[in-house]
Amino acid sequence: MMDLAYVCEWEKWPKITYCPSVPLACAWSCRNLIAFTTDLRNDDQDLTRMIHILDTEHPWDVHSINSEHSEAITCLEWDQSGSRLLSADADGQIKCWSMADHLANSWESSVGSLVEGDPIVALSWLHNGVKLALHVEKSGASSFGEKFSRVKFSPSLTLFGGKPMEGWIAVTVSGLVTVSLLKPSGQVLTSTESLCRLRGRVALADIAFTGGGNIVVATADGSSMSPVQFYKVCVSVVSEKCRIDTEILPSLFMRCTTDLNRKDKFPAITHLKFLARDMSEQVLLCASSQTSSIVECWSLRKEGLPVNNIFHQISPVVGDKQPMILKWRILSATNDLDRVSAVALPKLPISLTNTDLKVASDTQFYPGLGLALAFHDGSVHIAHRLSLQTMAVFYSSSAPRSADEPAIKRPRTTGPAIHFKAMQLSWTSLALVGIDNHGKLSMLRISPSLGHPLEAKLALQHLLFLLEYCMVTGYDWWDILLHVQPGMVQSLVEKLHEEYMRQKPALQQVLSTRILAMKASLCKLSPCTVTRVCDYHTKLFLMAISSTLKSLLRPHFLNTPDKSPGDRLAEICAKITDVDIDKVMINLKTEEFVLDMNTLQALQQLLQWVGDFVLYLLASLPNQGSPLRPGHSFLRDGTSLGMLRELMVVIRIWGLLKPSCLPVYTATSDTQDSMSLLFRLLTKLWICCRDEGPASEPDEALVDECCLLPSQLLVPSLDWLPASDGLVSRLQPKQPLRLFFGRAPPLPGSTTTLQLDGLARAPGQPKIDHLRRLHLGAYPTEECKACTRCGCVTMLKSPNNTTAVKQWEQRWIKNCLCGGLWRRVPLSYS
């Protein structure tokens, strides 16, 4: 139920060596960026503390940062947006890293805090109050509002108006808690307070949050004979200063220390973790000896305090008036295990109607209910987060052992086995990354069934549910794609579309770009659907152009009625089905379309693309029976054809103001009005498939006219998106890939790519900026960036400073139009 997807390791260099740091820190963001630490050792034995950040789709393209931490890095923590990273070290220094120029392989640190000389043992961002629960029992419901509900959860600290305040909290080894707040002005407010009056050594700590806005800190001194202490921390701002108030909560002793037979068997507590960041009532503890470990799961419950009969006679306890106390109760414990080397907990906020151990059978094996335990023998176990029952096992050695063989009795090999020193589960718990004691990174798939046999229909339902969750939250879904087989793609795309169409129109509009990006990434995984990838990305591009151009229109009078010029344009174009572009144009208030001449000229490349795409579609109509041709799906898409029709009208009006902004066509006749011809044919095609009227096949006369187009106008060859150089489509056969950091793997000749008309790009062929539609030449001299998800390439710096171009670029300056992250690429990109 677990298998290896790929392994990425460091190449051996003559004078420097990447070696695993001690301790080794690792973190996985909701955007599928992984950060981990190593030490860089040179010939003089000098150590440089490094932080490495990589995208799971391109693990070889690792960005290595010289952190300038003077001591070992102890903690790494992503924020909830996945765009900023905290690092803390054993000298009490905390740094906040953010993307430079919104690039996933370029990072900088501008703010931080310091508790000088006091090592940081736990670190977390303050909670922003956003919590979306998954209701597994309602996965069959039609509304996303029933499947995923917003949980009432207060931020750790709020600004004026209820906006959550950003910042972080850390716990030091001497028992101090430090909070740093990021003010909107960029200033950092830092305050430090003792967790309790009697400070003691804190070897382990973890941080969780309560729905009421409080923070809970768990600490242990490392000895299993000492209690695990819990504290409530409240943060506030008083007179422009950060204030910290602490309160002691009930503590606990591990159950293994109260058993007389094995009282001294597990002398050290090696792992202390809350089961979830926003679940302060459940905690996981691991106690270990040199050779073995035991894991216990505890829950904090509110219980009635027994009242002596004497007090009953004086004042009877009635109903809710009975005094209540908080008490830790053990939920489950394992038998003796091999020594645990790392623990990874799920991030999926699953909401169950019954949180007892006897949960419904259909949720018992759901991915978000499993936690991962790595052992010194090299194995990894997925265990139920409440019962701790083993659900799946992965062995790193080639000879797997029986799962029911006691770990404690296994014969030991000579020398330390390769084992994970740090692990992290993905945000859907369908993948696990581990860094071993040799510094090698391993990516594991975790089956959605977690050890239980699943029918294909149920497995499809699990993946669909998690895709919907990513669509609603905006999280990256790369880890879900690891489990999609080519035969599932068609069904997943259809079901995803069905579920999307059931939602309210307002929600559909919000999610319209995400579902297109999701369909595109799914269709890459199957040879039968790979041609649709171009169509989905083209539709994203078309929607973005349409929104941008319509937003440039301004009403002639400020006190105009409620509809904007863009809305009126859409309404009139939908109502008037005339094939003459000038007759449609007469019904519009052309004064609303007046723009500055420089602005119109700056938009020429985008207008040219619209004109070229219309010509390409109409010329390909006679070949509509060939689904392998990009653009095929547009020929029956009334919404997209209507959008193109509206843009043709806008371009026609702008052409009257400045003829040089019009698309340029190479025609065989000087007297031919190319715009009118294309609009007439486009309108006839749109009438055949528009939403308002009955769908019909294009008549023979229209097909004949489209057949003549190549003899009237030169049909351009459109530059479609390049084939992605990512890994996910190559991980289908479940044969693990061996990769090296810093060295891109050779791209195999894909049979699916060769089937695509116009996708193959020969070496030395002129390249194009996919978003600005500018030709860059065969060997670009400008720095470029590429999308980690779709492979779209654009220049890093804008060549034009006009307002309209800036407005267009603002749509994709932080993320690609498909939602993917940007990464800097070499000048000679392919």
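The values are calculated or read from the model by the stated rules, or taken from the named source; none is laboratory data. Please read all numbers here as calculations on a predicted model, not as lab measurements. Glycine also receives a Cβ, built like all others from the backbone with ideal geometry; neighbour counts cover every protein chain displayed. Remember, those area values only see protein heavy atoms, side chains included, never the ligands or the DNA or RNA. Shrake-Rupley method; radii C 1.70, N 1.55, O 1.52, S 1.80 Å.
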Q. Which value, in Å², gives the accessible area per residue of the chain when a 1.4 Å probe is used on the protein heavy atoms?
A. 44
Q) Can you list the residues of the stretch 576-616 with backbone N under 11 Å from a point 7 Å past the Cα of Thr803, pointing along Cα to Cβ? A) 595-596, 599
Q.
Given the options Tyr500, Gly474, Gln485, identify the residue whose Cα lies farthest towards the positive end of the charge dipole of the stretch 453-525 (+1 on Cβ of Lys, Arg; -1 on Cβ of Asp, Glu).
A. Tyr500
Q) Which one of Leu731, Leu326, Ala456 is farthest out on the positive end of the charge dipole of the chain, using unit charges on Cβ (Lys, Arg +1; Asp, Glu -1) and the Cα centre as origin? A) Leu326
(Q) Using the basic label-point model (7 angstrom from Cα toward the beta carbon), what is the Ala695 to Gln80 distance in nanometres? (A) 4.2
Q) Got a sec? Which residues in the stretch 654-673 would a label at Ile576 touch, if it sits 7 Å along Cα→Cβ and we count backbone N under 13 Å? A) none
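Rounding to the nearest 20 debye, state how big the charge dipole of the stretch 538-718 is about its Cα centre with +1 on each Lys and Arg Cβ and -1 on each Asp and Glu Cβ.
420
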Q. What is the dipole size for the chain, taken about its Cα centre, with +1 at each Lys and Arg Cβ and -1 at each Asp and Glu Cβ, in debye to the nearest 20?
A. 1240
(Q) Not counting ligands, DNA or RNA, and with a 1.4 Å probe, what is Phe394's accessible surface area in Å² rounded to the nearest 10? (A) 30
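Give me the number: length gained by fully extending Asn335 to Ser669, i.e. 0.36 nm times residue separation minus the C-alpha to C-alpha distance, one decimal in nm.
Fully extending the segment from Asn335 to Ser669 adds 111.6 nm.
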Q | Glu692 accessible area, 1.4 Å probe, all protein chains in place, Å² to nearest 10 | A | 130
Q) List the trypsin sites (Lys or Arg not before Pro) in the stretch 483-546 that DSSP assigns to loop (not H, G, I, E or B) and whose Cβ has at most 14 other Cβ atoms within 10 Å. Which are they? A) Arg502
Q: Pick out, from Leu821, Leu284, Leu708, the residue whose Cα sits farthest towards the positive end of the charge dipole of the chain, with +1 on the Cβ of Lys and Arg and -1 on the Cβ of Asp and Glu.
A: Leu284
Q: Report the extension gain between Ser70 and Ser551 in nm, rounded to one decimal, defined as 0.36 nm multiplied by the number of residues separating them, less their alpha carbon distance.
A: 168.1 nm
Q.
Just checking my list (i) 104, 62, 51; (ii) 102, 70, 52; (iii) 131, 59, 58 against Cα extents along the principal axes in Å computed from this structure; which label fits?
A. (ii)
Q) Helix 565-575: angle to the longest alpha-carbon principal axis of the chain, degrees 0 to 90, nearest 10? A) 60
Q: Calculate what fraction, in whole %, of the accessible area of the stretch 453-525 sits on carbon and sulfur atoms when a 1.4 Å probe is rolled over the protein chains.
A: 56
Q) Which pairs in the list Lys152/Lys814; Lys265/Lys440; Lys495/Lys539; Lys183/Lys421 are over 26 Å apart, alpha-carbon to alpha-carbon? A) Lys152/Lys814; Lys265/Lys440; Lys183/Lys421
Q) Which whole-number percent gives the relative contact order of the chain, counting Cα pairs below 8 Å spaced six or more residues apart? A) 11
Q | Solvent-accessible surface (1.4 angstrom probe) belonging to Met1, in square angstrom, nearest 10 | A | 110
Q. Dividing the convex hull volume of the alpha carbon atoms of the stretch 453-525 by its residue count, what do you get in Å³ per residue?
A. 82
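How much of the DSSP beta bridge set in the chain is antiparallel, as a percent to the nearest 5?
95
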Q. Rg (Å, one decimal) plus Dmax (Å, integer) for the alpha carbons of the stretch 761-825?
A. 11.8, 36
Q. What's the angle, to the nearest 10 degrees (0 to 90), between helix 604-619's Cα axis and the longest principal axis of the chain?
A. 70
Q) Under a straight-distance cross-link criterion of Cα-Cα below 18 Å, which lysines are reachable from Lys232, leaving out those fewer than 8 residues away in the same chain? A) Lys273, Lys302, Lys327
Q: Determine the share of the stretch 761-825's accessible area contributed by carbon and sulfur atoms, expressed in whole percent, with a 1.4 angstrom probe.
A: 51
**Q.** D (Stokes-Einstein, µm²/s), Kirkwood Cα radius, the stretch 538-718, 1.567 mPa s at 4 °C
**A.** 77
Q | Tilt relative to the chain, helix 700-712 - C-alpha long axis, 0 to 90 degrees, to 10 | A | 80
Q) Over what distance in Å are the Cα centres of the stretch 214-243 and the stretch 504-572 separated? A) 48
Q: Among the lysines, select those whose C-alpha is under 20 Å from the C-alpha of Lys563, and discard any that sit fewer than 8 residues away in the same chain.
A: Lys550, Lys575, Lys589
Q: List the trypsin sites (Lys or Arg not before Pro) within the stretch 1-37 that fall in a DSSP loop (any state other than H, G, I, E or B) and whose Cβ has at most 12 other Cβ atoms within 10 Å.
A: Lys12, Lys15
